[in-house]
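Some notes on the structure that comes next.
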Amino acid sequence: MTDATNPAPLTSDDDWWRSAVVYQVYVRSFADANGDGVGDLQGIRERLPYLRDLGVDALWLTPFYTSPQVDAGYDVADYRDVDPLFGSLTDFDAMITDAHALGLRIIVDLVPNHTSSQHPWFSAALAAAPGSPEREFYLFADGKGENGELPPNDWESIFGGPAWTRVPDGQWYLHLFDPAQPDLNWRHPQVRAEFEDVLRFWLDRGVDGFRIDVAHGMIKAEGLPDVGFNSMTTGQRQSELLGKGRLPYFDQDEVHDIYRAWRPILDSYPGGRMAVAEAWAETPQRLARYIGPDELHQAFSFDFLDATWSADSFRKVIDTALAESTIVGAPTTWVLSNHDRQRHVTRYGDGEVGLRRARAAALLMLALPGCAYVYQGEELGLPEVLDIPDELRQDPAFLRTGESRDGCRVPIPWSGELAPYGFGPQGCELSWLPAPATWRALSVAAQTGVPGSTLELYRAALRIRHEHPALAGTTGGVTWLETEPGVLAFHRTDGATTLTCVVNISGAVVVVEGYGRPIVASEELTEQGPGHVLPVDAAAWFERR
Ligand code: GLC
């Protein structure tokens, strides 16, 4: 590889990921440079200055590899190339070079649990006979019943329905997600060697890290034992156990061998290359096993995604996540929204109330120690789009379960009066999902420079987060302060300066006093005597030097 395609990694602080703000770019919905209605790498490249000005440290890009796009790119047919829908490797190289020049790091999504059914390995496996070496790359098995007409076990796809599909010669193959996403056999040495090589391929191209998709899934229990129930037998979906119980296809001890082999590869590159696991485990202790100096750097702490709008609920998930981070000696991650979940504006009540709460939650999250993940559009206060017509929905889970993740994947509104609001080149009306008319007022252009807009709130909070000495530490916890019920207050300090974050979830206005001067607030504060009135569903940061 030439120097031009192998940009020098940023050399500063190898521990950058410990306190970074990572912006999740859902590539197909971020910015469309070529006007085909789907976002692309060139679109990201053109919008990098926006992200630098927003004040984030890194981008996580969802999969842009060659893919039939059955699961929006989480079905990869070639791990070493860019899908023409999103551009080319040349576009990738240009994008990462520009990103690094602006001080932005790039994390790419790695999808190792399964390939696309159009991956050459799977085509070869289908063409070969049962028992052949080609089938060994995947999890093929004979069925049960007199003629093998029943699936090999009772496992259920996360997208609903059986996790097994039968092929014409009578065998079945495992797919924990869509039938177009066959699970790989990670006990096969060639599978392991292939992914180690794929890691190097992207590290050589300059990526700063990986988000590991379904990081808890690669190893299945020996003998493929039944779970014992599923929606067909008891009506309970196996996926309800995610994060709460044990399943024979998730979080098996042997999966850690894979990460122990990956870590030296990451460490052999300069500049602090990292990996974050999308992992679900039964307990915080088991989740913590994915993290450490010989495994991965981070695991998403998904409890925050599930927290309801209540002081107790937030307090509990924050304390649990901070305790987890103490177990492993690495700071935690915070996630309010991502491409798989309903946007938090809507989770917190939608409309004006939901937006107020989401803005307050942003100040809560950004004041916490550790690494914060911001999902594209949350800085604009975008809600979930709830009324996408069924015929336009594209999530494969929709057909199998009736649940769809399309509502959080609608293209970003950038500017202008007409949908899709500057998502594509000027005058382009195409977008793979329609943006609602209400998004005109939420576009980047509509919010830029407008005091009190959600975008300006994020910009201000991110700037303070970067510059404020009290928030500089990457380790350690927070100090909770005594408050009235329904109010969360904690501070962080460097000794000389103290920053206090107060969130009012109590349902009534509260007067905040004694924490110094307000430096950012999600709603306007009014002075009252020596204190400030913090409105309902609002948060503010106060500073005392
Ligand atoms: C992860 C991704 C999700 C995808 C699934 C299968 O959970 O976040 O979008 O559908 O893995 O790859």
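Values for this structure:
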| item | result |
| --- | --- |
| Solution diffusion estimate, µm²/s, Stokes-Einstein, the chain, Kirkwood Rh from C-alpha pairs, 20 °C, viscosity 1.002 mPa s | 88 |
| Hypothetical label at T234: residues of segment 152-194 whose amide nitrogen lies under 14 Å (7 Å Cα-Cβ projection) | 154-156 |
| Total formal charge among the other residues, if their Cβ is under 11 angstrom from that of Q42, Lys/Arg +1 and Asp/Glu -1 | -3 |
| Gyration tensor over alpha-carbon atoms, segment 478-544, equivalent ellipsoid semi-axes in Å | 18, 14, 10 |
| Of all accessible heavy-atom area on the chain, the percent that carbon and sulfur account for (1.4 Å) | 52 |
| Net charge of Cβ neighbours under 9 Å - reference D178; Lys, Arg +1; Asp, Glu -1 | -1 |
| Whole-angstrom gap from segment 502-520 to segment 21-59, using each part's C-alpha centre | 35 |
| In nm, spacing of pseudo-spin labels at A261 and E282 (7 Å Cα→C-beta vector) | 2.6 |
| Å² per residue, accessible surface of the chain at 1.4 Å | 37 |
| Summed residue charge, Cβ within 14 Å of E282's Cβ, Lys/Arg positive, Asp/Glu negative | -1 |
| Shape of segment 188-310, Cα gyration tensor, a/c cut at 1.5 | oblate |
| Three-way shape call for segment 280-419 based on the alpha-carbon gyration tensor, with the a/c threshold at 1.5 | prolate |
| Under 29 Å from K316, Cα to Cα: lysines that are on another chain or at least 8 residues apart | K244 |
| In segment 79-150, GluC sites (Glu not before Pro) in a DSSP loop with at most 12 other beta-carbon atoms within 10 Å | E146, E149 |
| Label point distance in nm, T308-L89, each placed 7 Å from Cα along Cα→Cβ | 5.1 |
| Label-point separation in nm, R545 to Q528, each point 7 Å along Cα→Cβ | 2.8 |
| Cα shape, segment 120-174, gyration tensor, a/c 1.5 rule | oblate |
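The values are calculated or read from the model by the stated rules, or taken from the named source; none is laboratory data. Quick caveat, the model's predicted, so the values are computed rather than measured. Quick reminder, even Gly has a Cβ in these numbers, built from the backbone with ideal geometry, and neighbours come from all protein chains shown. Note: accessible area is taken over every heavy atom of the protein model, side chains too, but ligands, DNA and RNA are not part of it. Shrake-Rupley method; radii C 1.70, N 1.55, O 1.52, S 1.80 Å.
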